[in-house]
Structures are given as C-alpha cells and as structure tokens.
Amino acid sequence: MRTRTLGAGLEVSTIGFGAMGMTQSYEPALDRADDIALIRAAVERGVTFFDTAEVYGPFINEELVGEALQPFRGRVVIATKFGFAFNAGGRQTGLSSRPNASRRTRTSSSRSSQTSGTAPSRTTARPRQDS
C-alpha cells in the first residue's frame with residue numbers, strides 16, 4: 001500500500017477507512033463482530049488511516065473502531081472529528097469548538113477509542129463552521 005505524510009511526519013496509507021456507515025446512516029447495519037472483522041481485514045490489506053467521530057452514534061463508532069484496532073496499536077492512525085455539543089442524554093444539540101469542549105472530546109474520544117489520545121496514535125480535526 002502506498003503511503004503519504006500528513007503534517008510534520010504522520011505517515012498513513014493513501015487509502016483510508018471511513019467508519020461512519022458502520023453505526024449510522026446506512027441500513028441494514030452489520031453486526032458488531034462483522035464490523036470488527038472488516039476493519040481488521042482492512043489493516044491486513046495495508047490500510048493504516050481510520051476515520052471516526054464522536055457524533056457517529058454518538059460515541060458508538062469510536063468505541064467500535066477502538067475495539068477493532070486494539071491489536072494494531074502503533075501501526076495505525078485513528079482520526080476523529082470534534083466540535084459537537086451534546087445534551088445530558090447524549091443527543092447532538094449543535095456545534096461547540098470552545099476549549100472546554102475540545103478537552104472533553106479529547107478525554108472521551110481517547111477513552112472510547114481505547115487510545116492514549118496523543119499523536120501519532122490519533123489526529124483530530126474540527127468540523128468547519130462557516131459564518
């Protein structure tokens with residue numbers, strides 16, 4: 001698999017794996033064991049860049065990706081998007097890129113995806129909010 005460098009030295013496969021559809025948007029959903037097998041098969045074929053977000057589920061997608069990639073720590077990069085606001089019930093209520101929301105996301109996403117939350121294990125991106 002070909003690779004490319006992101007930023008200041010984060011090397012990833014040129015083909016990435018977007019996991020959104022595993023927990024939202026597309027029906028019928030595969031069962032969890034099939035999703036995990038599919039993610040692991042991607043790694044075995046050379047994919048090292050995986051994309052998720054706290055909003056997919058919410059949080060369920062990060063948990064799935066984290067569980068599936070646990071055996072491959074140090075060999076893969078998990079990117080997650082943040083900047084979403086949630087109510088006490090976990091429902092998305094809007095956007096929030098405030099510093100406290102970013103810190104909360106780093107903590108909860110690291111826990112959900114079973115990572116340390118530090119590069120090169122994980123990169124983050126915020127959703128763009130146009131004025």
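Any read-out appearing in this document is the output of simple, stated calculations on the displayed coordinates, not a laboratory observation. Since the model is a prediction, treat every value here as computed from it, not as a measurement. In this analysis, Cβ positions are derived from the backbone assuming ideal geometry, glycine residues included, and neighbour counts consider all displayed protein chains.
Structural remarks
- Rounded to whole Hz, the Karplus (6.51, -1.76, 1.60) HN-Hα couplings of segment 31-48, x for glycine and proline: 7, 4, 4, 5, 4, 4, 4, 5, 4, 5, 5, 4, 4, 4, 9, x, 6, 10
- Applying a DSSP loop filter and a limit of 15 other Cβ atoms within 10 Å to the trypsin sites (Lys or Arg not before Pro) in segment 46-88 leaves Arg73, Arg75.
- Of the chymotrypsin sites (Phe, Trp or Tyr not before Pro) in segment 1-88, those whose Cβ has at most 10 other Cβ within 10 Å and which sit in DSSP loop: Tyr26
- Around the amide H of Ala79, modelled in the peptide plane, lie the amide H atoms of Phe50, Asp51, Thr52, Thr123, all under 5 Å away and 5 or more residues distant in sequence or on another chain.
- Förster-model FRET efficiency, 22 Å R0, Thr93 and Leu10, C-beta, rounded to 0.05: 0.10
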